[in-house]
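Structure first, then comments.
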Amino acid sequence: MENQAHEVVFLLERIQHWLTRMILASRKLPYDERIRQLGLWTLEERRSRAYLLQVFKMYKGLSSAMFSDFFTLSTSVTNTGTHRQDCKMQMPSGH
């Protein structure tokens, strides 16, 4: 299953490469430059953003998934006396 997911991501990236060449008049530009000029994000960047948004929704209670099922928070005091919160990812129970 994981191998299929990598294949799909690879194919989607290839399609995005192809489409950016078709849209821009200067096809000789590197992919990163075409993406920047078009104001697009790579699939990896969009996926990372989606993960961050999901974690934020979980933390704020805006998701059906519970933050505490995936993360633990701990507060510590640093050498300078400031409070710091650490977040650790954990596997949900039953997995």
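The values are calculated or read from the model by the stated rules, or taken from the named source; none is laboratory data. All values derive from a computational prediction rather than experimental measurement. Cβ atoms come from the backbone with ideal geometry, glycine included; neighbour counts cover every protein chain shown.
Screening residue 65 with (1) surrounded by fewer than 10 Cβ atoms within 10 Å (Cβ to Cβ); (2) small (Gly, Ala, Ser); (3) under 22 Å from the mean Cα position of the chain (by Cα) gives one miss only, at (1). From the list 22, 89, 58, the lone residue that is aliphatic (A, V, I, L, M), surrounded by fewer than 10 Cβ atoms within 10 Å (Cβ to Cβ) and at pLDDT 80 or above is 22.
Which pairs turn up if I take residues in region 48-75 that are on the phi > 0 side of the Ramachandran plot and look for partners that are among the aromatic types (Phe, Trp, Tyr) with beta carbon separation below 8 Å, at least 6 apart in sequence or on another chain? Cβ pairs passing all conditions: 61/67. Residues of region 27-46 that are assigned to a loop (DSSP other than H, G, I, E, B) and of a type in the set (Val, Ile, Thr): 42 alone.
Residues in region 37-46 that are farther than 11 Å from residue 16 by Cβ and surrounded by 12 or more Cβ atoms within 10 Å (Cβ to Cβ): 37 alone.
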